[in-house]
1. Within the group THR113, THR107, which residue is at pLDDT 95 or above and within 19 Å of ALA190 (Cβ to Cβ)?
2. Exactly one of (1) more than 14 Å from THR113 (Cβ to Cβ); (2) open to solvent by 10 Å² or more (accessible area, probe 1.4 Å) is unmet by VAL165. Its number?
3. Is it the case that GLU133 is modelled with pLDDT under 95, part of a helix (DSSP H, G or I) and not basic (Lys, Arg)?
4. Do you know which residues across segment 166-209 are more than 13 Å from the ligand (Cβ to nearest atom), acidic (Asp, Glu) and in a loop (DSSP other than H, G, I, E, B)?
5. Quick one: which residue in ARG51, ARG57 is open to solvent by less than 50 Å² (accessible area, probe 1.4 Å), among the charged types (D, E, K, R), under 24 Å from GLN106 (Cβ atoms) and away from the ligand (no atom under 15 Å from the Cβ)?
6. If only one of ALA4, ALA19, ALA12 is away from the ligand (no atom under 14 Å from the Cβ) and in contact (Cβ under 8 Å) with a residue 40 or more places away in the chain, which one is it?
7. Six or more apart or on different chains, Cβ atoms under 8 Å: show the pairs whose first residue is in segment 141-159 and without any contact (Cβ under 8 Å) to a residue 12 or more places away in the chain and whose second is hydroxyl-bearing (Ser, Thr, Tyr) and open to solvent by 10 Å² or more (accessible area, probe 1.4 Å).
8. Only one residue in LEU24, LEU15, LEU60 is aliphatic (A, V, I, L, M), over 15 Å from PRO83 (Cα atoms) and touching a Pro at 6+ places or on another chain (Cβ under 6 Å), so which one is that?
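The values are calculated or read from the model by the stated rules, or taken from the named source; none is laboratory data. Everything numeric in this text was worked out from a predicted model, so none of it was measured. Heads up, the Cβs are rebuilt from the backbone with ideal geometry, glycines too, and the neighbour counts pull from every protein chain shown. These accessible areas exclude ligands, DNA and RNA; they are computed on the full protein's heavy atoms, side chains included. Shrake-Rupley method; radii C 1.70, N 1.55, O 1.52, S 1.80 Å.
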Amino acid sequence: MTPAPIAVALDAPDLETAARWASLVTPHVSTVKVGLELYLRYGPDVIATIRGASGVRVFLDLKLHDIPNTVAGAARAVARLRPAILTVHAAGGPAMIRAAVEAVPQTQIAAVTVLTSLSAADLATIGIQGPPEDAVRRMAAQAVAAGAPALVCSPQEVAAVRAEVGPDITLITPGVRPAGSDAQDQARVATPERAIADGADLLVIGRPITASPDPGATAAAIAAALRRVGAPGRGPGAAGSGRR
Ligand code: C5P
């Protein structure tokens, strides 16, 4: 069966746990996501350990944000690990995004728009006025104009972003919660089915899978639910998903 368009966030306290989760979910999902905590604790070797023999796509969520030359160098430094996706902050600006995209042609650069943890009031304190959705749309359009083939946004903004950037850009949404599960610290959530219906290509799901008693069975159940609503059954490709 084709793996579902889900990236399981392996936010584990140790490498053994992350590797165990990865082996349990990889039969059912297209992608696993390694974040800053795991990468900074264990270094580049974490990628080979997580990937194992499965060949699962690895999403390296380092959210790079620096001057263009530094981000390009950092992206090149991790490109040898062959991540399918690497994140940079859209707030780094068009030159930085372009530098990352040009530095690693084999890796899909995903620009993170507004962090889902930031409210309108938080944005105002850093000088960004108005509803978060407006800032997300502005940053999305700017990142795409700078060459980003993929964007990260909240599922609550994904329909607006899809309308803004068109069909060929890969949209990745964290903040996904199956119906009835706890939102935890995520403020702006939607169900997997809703996020896909609104135009998401790849759903980032962490604790609803990894903190469940049986991560493999939970991943399989969410994958089955997505198949029922006609999800594409694959992750994004190297240059946009071509989903429409
Ligand atoms: O456990 P949960 O499903 O909330 O995990 C969501 C994952 O997505 C975490 O790894 C988090 O770092 C990441 N993420 C997010 N919001 C963003 C970008 C990434 O929650 N804007």
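1. On the way: THR107 fails: within 19 Å of ALA190 (Cβ to Cβ).
Criteria check complete, one pass: THR113.
2. Just one mismatch for VAL165, condition (1).
3. Values: modelled with pLDDT under 95: yes; part of a helix (DSSP H, G or I): yes; not basic (Lys, Arg): yes.
The answer is yes for GLU133.
4. Hits for segment 166-209 are ASP168, ASP198, ASP201.
5. Working: ARG57 fails: open to solvent by less than 50 Å² (accessible area, probe 1.4 Å).
On inspection, the qualifying residue turns out to be ARG51.
6. Numbers: ALA19 fails: in contact (Cβ under 8 Å) with a residue 40 or more places away in the chain; ALA12 fails: away from the ligand (no atom under 14 Å from the Cβ).
None of the others qualify; the one that does is ALA4.
7. none
8. Numbers: LEU15 fails: touching a Pro at 6+ places or on another chain (Cβ under 6 Å); LEU60 fails: over 15 Å from PRO83 (Cα atoms).
Step by step, each of LEU24, LEU15, LEU60 is checked, and only LEU24 is aliphatic (A, V, I, L, M), over 15 Å from PRO83 (Cα atoms) and touching a Pro at 6+ places or on another chain (Cβ under 6 Å).
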